Amino acid sequence: LALLFLSGCAVTDFVSQRYENSVAYFNTYYNASRLFDEAILEIETTEKAQRSRGLPPSKEISQTVRQKLTTVIEKCSKLLQYHPNTKWVDDALMLIGKSYYYEGEYPKAERKFAELIAQFPNSDHFLEARLWLGKSFRRSNDLDKAVRELGSVAEVAIAESEKGIADEALLALGELNVERKSYSEAVKAYQDLVDHSDSDERKAEAQFRIGELHENAQEYEKASEAYRKVVDFKSDPSVRYAARFRYAVNANRAKNHEGALRVLYNLLDDRANLEFYPQIKLEIARVLHDKGEIRNAIEAYGIIDTSYARSNVASKAYYQLGLIYEK
């Protein structure tokens with residue numbers, strides 16, 4: 001009986017210790033995950049603010065974000081060191097890889113994603129790890145590998161209805177092909193995103209980029225049509241405004257002056273666009289000029305000078321007036 005009692009105590013202690021270790025592991029992982037989410041939220045908020053000002057997203061991160069990511073790496077690395085056989089190892093590897101990626105440590109990120117892919121082929125993170133591996137290849141300027149990996153991930157994700165991963169892979173593939181000057185391939189990637197995504201915001205972003213590519217190629221009719229389609233999707237008001245304005249600019253270049261003026265006057269009727277009125281009025285004057293309505297164009301440019309004296313838009317109006325009088 002004494003032996004049985006002692007044996008029972010040992011088993012109870014063993015189970016209790018395993019339980020405490022599991023709880024400690026989970027708490028550490030949970031805290032690391034929470035810190036990571038906070039860091040990503042700050043990064044995304046900063047990027048959104050930059051886009052709203054027409055600036056490309058910066059790769060630089062704040063010191064606060066960097067400290068949080070470093071803490072995530074330290075916590076998850078300890079978990080891997082002291083608890084290498086728990087069910088959250090692949091989760092920890094994923095967090096470490098992403099943290100290295102956002103810190104700009106792309107070779108280190110690649111190693112973590114490759115480790116997850118090799119050791120956990122049945123992980124829920126397997127396809128996501130391949131996505132981030134492709135993104136890391138891109139940042140390391142290993143562009144051929146990046147194209148192959150991202151293209152393969154997009155294909156698999158579409159086939160398996162992994163919509164979120166497919167969206168990210170296609171968006172990254174489009175950006176990558178722009179960098180490689182493979183513009184037709186970039187358009188194809190963005191169009192695939194529009195065709196397969198469930199996110200209106202993602203669709204609007206991809207459709208807008210298709211418009212930019214056609215505009216840069218001076219394919220103004222295609223550009224105006226692409227920008228027109230952006231408003232078919234629910235998106236941020238700033239994106240909708242930018243799409244409608246770019247539609248007008250490109251419609252005018254494609255000699256569709258009436259279509260351009262119709263959209264520009266509609267933008268003026270919306271008080272939500274008050275801060276963009278100078279830009280809109282300058283474009284209306286330009287369309288009138290291009291349409292051959294010289295007197296109306298002169299009047300429109302004159303109103304801009306009266307309404308926005310000594311501003312940048314007024315100086316542009318004066319310059320256009322100078323060209324008119326010169327010719």
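The values are calculated or read from the model by the stated rules, or taken from the named source; none is laboratory data. In this text the structure is predicted, and so the values were computed from the model without any measurement. All Cβ positions, glycine included, derive from the backbone under ideal geometry; neighbour counts span all protein chains shown. Ligands, DNA and RNA are excluded from the accessible area calculation, which covers all protein heavy atoms including side chains. Shrake-Rupley method; radii C 1.70, N 1.55, O 1.52, S 1.80 Å.
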In the list Val178, Val153, which residue meets the criterion of being touching a helix residue (DSSP H, G or I) at 6+ places or on another chain (Cβ under 6 Å), surrounded by 20 or more Cβ atoms within 10 Å (Cβ to Cβ) and of a type in the set (Val, Ile, Thr)? Val153
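Out of Ile298, Ile284, Ile280, Ile304, which single residue is modelled with pLDDT under 95, touching a Leu at 6+ places or on another chain (Cβ under 7 Å) and part of a helix (DSSP H, G or I)? Steps first, answer last, please.
On the way: Ile298 fails: modelled with pLDDT under 95; Ile284 fails: modelled with pLDDT under 95; Ile280 fails: modelled with pLDDT under 95.
Matching residue, one of Ile298, Ile284, Ile280, Ile304: Ile304.
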Answer yes if at least one residue in segment 3-19 is modelled with pLDDT of 85 or more and open to solvent by less than 40 Å² (accessible area, probe 1.4 Å), and no otherwise. no
Flag for Asp198 being outside any helix (DSSP H, G or I), out of contact with any Phe, Trp or Tyr (no Cβ under 6 Å at 6 or more places or on another chain), in contact (Cβ under 8 Å) with a residue 12 or more places away in the chain and not hydrophobic (A, V, I, L, M, F, W, C): yes
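Within segment 136-150, take every residue that is open to solvent by 30 Å² or more (accessible area, probe 1.4 Å) and within 18 Å of the chain's Cα centre (by Cα) and give me the one that is farthest from Leu176 (Cα to Cα).
Narrowing segment 136-150 to residues open to solvent by 30 Å² or more (accessible area, probe 1.4 Å): 139-145, 147-149.
Still in the running and within 18 Å of the chain's Cα centre (by Cα): 139, 147.
Numbers: Arg139: 10, Val147: 7 Å.
My answer is Arg139.
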Name the single residue that is most open to solvent (accessible area, probe 1.4 Å) among those in segment 289-320 being under 39 Å from the mean Cα position of the chain (by Cα) and among the hydroxyl-bearing types (Ser, Thr, Tyr). Tyr319
Surrounded by fewer than 20 Cβ atoms within 10 Å (Cβ to Cβ), of a type outside the set (Phe, Trp, Tyr) and closer than 30 Å to Glu47 by Cβ: is that true of Leu213 in this structure? no
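Where residues in segment 228-241 are assigned to a helix (DSSP H, G or I) and open to solvent by 30 Å² or more (accessible area, probe 1.4 Å), which of them is nearest to Glu293 (Cα to Cα)? Even if it seems obvious, please write down each step before you answer.
Just the residues of segment 228-241 that are assigned to a helix (DSSP H, G or I), to begin with: 228-230, 237-241.
From what's left, open to solvent by 30 Å² or more (accessible area, probe 1.4 Å): 228-229, 237-240.
Values: Arg228: 25, Lys229: 29, Pro237: 32, Ser238: 31, Val239: 31, Arg240: 29 Å.
Per the criteria, the residue is Arg228.
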Just to be sure I understand, how many residues within segment 91-106 are free of Cβ contacts under 8 Å to residues at least 60 places away in the same chain, open to solvent by 20 Å² or more (accessible area, probe 1.4 Å) and in a helix (DSSP H, G or I)? 4
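Filter segment 59-90 down to residues that are assigned to a loop (DSSP other than H, G, I, E, B) and either within 13 Å of Ala32 (Cβ to Cβ) or open to solvent by less than 80 Å² (accessible area, probe 1.4 Å) (or both), then give me how many there are. Show your work before the answer.
Looking only at segment 59-90, we keep the residues that are assigned to a loop (DSSP other than H, G, I, E, B), and these are 59-62, 83-88.
Applying the additional criterion that residues be either within 13 Å of Ala32 (Cβ to Cβ) or open to solvent by less than 80 Å² (accessible area, probe 1.4 Å) (or both) yields 61-62, 83-84, 86, 88.
Total meeting the criteria: 6.
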Given the residues Ala114, Ala109, which is the only one that is surrounded by fewer than 17 Cβ atoms within 10 Å (Cβ to Cβ), in contact with a helix residue (DSSP H, G or I) (Cβ under 7 Å, 6 or more places away or on another chain) and at pLDDT 95 or above? Ala114
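For segment 117-135: of the residues being small (Gly, Ala, Ser) and out of contact with any Gly (no Cβ under 8 Å at 6 or more places or on another chain), which is farthest from Tyr106 (Cα to Cα)? Give the derivation first.
Going residue by residue through segment 117-135, those that are small (Gly, Ala, Ser) are 118, 123, 129, 134.
Still in the list and also out of contact with any Gly (no Cβ under 8 Å at 6 or more places or on another chain): 118, 123, 134.
Working: Ala118: 18, Ser123: 22, Gly134: 11 Å.
Filtering first and then ranking leaves Ser123.
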Residues within segment 83-106 that are among the basic types (Lys, Arg) and at pLDDT below 90, tallied: 1
